[in-house]
Amino acid sequence: MSQKDSISRRRFMTLAGVAAALPAAAAVLGPASTRLANAATSDSLPTYAPVPPSALGPGLNADGYFVDRIADDLFWVTDSFYQAMFLTTREGVVLVDAPPTIGHNLQRAIDVATSANGRPNKVTHLIYSHSHADHIGASGLFDDDVVRIAQSDTLRLLKRDRDSNRPLPTLTFDDHHLLEVGGERLELAFHGPNHSPDNIFVFAPAQQTLMVVDVLFPGWVPFKSFAVSQDIPGWVQAHDVAMDYPWTTLVGGHLGRLGVRQDGVVQKQYIADLEASTRAAIAVVDPTPFFQTYYPNAWAIFKAYLDAVSSKAADPVIAKYTGVLAGADVYTFLNAAAMLDSLRIDSGNLGPFGDHP
């Protein structure tokens, strides 16, 4: 079944519908939410460039989700902000991630898919892409007997976090794990720290589908500060790792649509352009005015200088990608700031703050 031949065709709950529901939600949630809803309709809010239609995913059904077959018995589900993937087998369902914003709709989506293909609807295995709560914070909704699989560092991080909504994995691996359930197969691999110390790649070879979360954002620029990644060089390298897999479909963990290989090509170019622009900005922005204005306030000096470099680096990239990648004008400044910090700290490109003559 193609994406056009969707299991869930109804488009009742669009993002516009969510916006329209804000006043009603505020009435339920109380005065603080009323103030928030009023603020959200204020003329003081910034405006941004329109989202290119190519960046948007399919409409949601009345329950607020969309589920569809990727290929064979592999499916995906989204609420337009987060994504999960699941493999239906003769023995049960293998779920990859459990985002809280999808929540109980995960099981509803699984029920729809398995009722159509005649497979069991019970989740028997749950793979954690990484430890972050926004991607696995609904894993506690599933039974205790579910086999929870993760990279070894995920176990370490979850022991630290002590979050009952993220039960500890029961099966861990260091570098690679081959999961075979009910005649189906997923290849799990850890290629080093990137977005987080434990973020893994989940590949479905029969379906030519790769799931890697918080690395590629099909149709959009990366979330702020390169997806708030803890290892920027590792995160950039993860793009090459992802593109080395023989996938035709990508599940990126965020937003409303699946990815194709051209999405990876475009994002890699965006990052390359931003790096080149940041290097050029480092070379030309003079810190002297910031010293003259703010000395002896060291933090003010550095903030003003770093903001000036980030702005100069971001401007031409925003101009190039507005209308090409959604959110180019929203997060490119913060992505430039992350690139600047990485070039300074990881690459030693200190610009005027290098060795004192």
Read-out Cα Rg over 2.2 N^0.38 Å, candidates (1) 1.16; (2) 0.97; (3) 1.07; calculated match is (3)
Taking 160, 166, 185 and counting other beta carbon atoms within 10 angstrom, the fewest-first order is 160, 185, 166
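Take 347, 80 and order them by how many other Cβ atoms sit within 10 Å, fewest up front.
Details: 347 13, 80 22.
Result, fewest neighbours first: 347, 80.
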A correct Stokes-Einstein calculation for the stretch 302-354, using the alpha-carbon Kirkwood radius, 37 °C and 0.692 mPa s, returns a whole-number D in µm² s⁻¹ of 284
Once the in-chain neighbours fewer than 8 apart are removed, the aspartates and glutamates whose Cα is under 16 Å from residue 303 read 286, 341
Scan of the chain for chymotrypsin sites (Phe, Trp or Tyr not before Pro) in DSSP loops with at most 15 other beta-carbon atoms within 10 Å gives a longest site-free stretch of 82-357
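Given 4 °C and 1.567 mPa s, compute D for the stretch 49-259 with the Stokes-Einstein relation, Rh being the Kirkwood radius over Cα pairs; round to the nearest whole µm²/s.
Numbers: Rh = 17.0 Å.
Answer, rounded: 76 µm²/s.
Compute, for the stretch 49-259, the length of the dipole vector about the Cα centre, with Cβ point charges of +1 (Lys, Arg) and -1 (Asp, Glu) only. Units Debye, rounded to 20. Provide the component values of the computation, followed by the final result.
Values: 14 positive and 25 negative charges, 68 e Å.
The calculation lands at about 320 debye.
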With the 8 Å Cα cutoff and a minimum separation of six or more residues, the chain has a relative contact order in percent of 14
Among 243, 136, 74, the residue whose Cα sits farthest towards the positive end of the charge dipole of the stretch 49-259 (+1 at Cβ of Lys and Arg, -1 at Cβ of Asp and Glu, taken about the Cα centre) is 136
Quick calc, the stretch 270-353, dipole around Cα centre from Cβ unit charges on Lys, Arg (+) and Asp, Glu (-), nearest 20 debye, gives 100
For the chain, the longest principal axis of the Cα atoms and the Cα long axis of helix 31-40 enclose an angle in degrees, to the nearest 10, of 60
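Bear in mind that the values in this text are calculations on the coordinates, not laboratory data. None of these values were measured; they are calculated from a predicted model. Methodologically, a virtual Cβ is constructed for each residue, glycine included, from the backbone with ideal geometry; neighbour enumeration extends over all protein chains shown.
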